[in-house]
1. Among the residues of the stretch 1-44, write down those that are free of Cβ contacts under 8 Å to residues at least 60 places away in the same chain and closer than 12 Å to residue 95 by Cβ.
2. So, in the stretch 37-52, exactly how many residues are surrounded by 13 or more Cβ atoms within 10 Å (Cβ to Cβ) and either modelled with pLDDT under 95 or within 11 Å of residue 85 (Cα to Cα) (or both)?
3. I need a count of the residues in the stretch 130-152 that are more than 14 Å from residue 53 (Cβ to Cβ), within 17 Å of the chain's Cα centre (by Cα) and in a helix (DSSP H, G or I).
4. Go through (1) modelled with pLDDT of 90 or more; (2) more than 24 Å from residue 29 (Cα to Cα); (3) of a type outside the set (Ser, Thr, Tyr) for residue 102 and report which single condition fails.
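The values are calculated or read from the model by the stated rules, or taken from the named source; none is laboratory data. As the structure is a computational prediction, the values presented were derived from the model and not from experiment. Note that each Cβ is placed from the backbone with ideal geometry, even for glycine, and that neighbours are counted across all protein chains shown.
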Amino acid sequence: MANPEDKSFHCELVDPTGKLLDCRATSVVLPAHDGQLGILYDHMPMLCQLGLGIMKVTPADRPPAAGATAGTAASQEAFFFLDGGCALVAKNTVTVIAYSALSLQGTGTEQIQALIETASKSSADPALSPSQRAHESERLRTLRKIAESHGH
């Protein structure tokens with residue numbers, strides 16, 4: 001039986017390549033199709049469509065980094081770039097099924113630059129509908145922000 005003071009829940013992230021995350025978490029922030037969605041312990045059951053953006057997971061079972069203090073919890077957070085899919089929240093479990101996901105921990109310059117180049121080419125495709133072009137442009141803008149924030 002779980003410790004009543006444990007306010008963590010199960011979180012898993014899956015994309016077409018397989019399972020990218022399977023952990024206990026104390027909070028998850030998702031890019032829903034209509035804005036950011038925050039999830040904590042005992043969140044109401046729901047199903048939501050994902051949009052394009054960053055998923056932030058605060059793991060419950062990751063030990064603090066050496067020399068870390070209570071104020072450095074952000075260093076324990078895991079970040080993922082998501083592009084569409086759905087999330088199911090039920091019985092203190094969050095299951096995220098993404099069309100496309102990329103872990104931002106340990107992601108090299110080459111990977112991010114390759115994604116930026118692909119998005120640039122895709123957004124220039126004359127066969128795209130206006131909504132597809134807008135999506136590719138937003139994807140490109142988000143990837144460029146990721147590259148800037150990671151010093152790539």
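1. 19, 22, 39
2. Adding up the residues that qualify gives 4.
3. The qualifying residues number 1.
4. Result: residue 102 fails condition (2) only.
One line per residue, one yes/no per condition, for (1) assigned by TED's automatic domain parsing to the domain that holds residue 44; (2) surrounded by 16 or more Cβ atoms within 10 Å (Cβ to Cβ); (3) without any contact (Cβ under 8 Å) to a residue 12 or more places away in the chain; (4) in contact with a strand residue (DSSP E or B) (Cβ under 8 Å, 6 or more places away or on another chain):
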residue	(1), (2), (3), (4)
81	yes, yes, no, yes
85	yes, yes, no, yes
94	yes, yes, no, yes
116	no, yes, no, no
126	no, no, yes, no
135	no, yes, no, yes
142	no, yes, no, yes
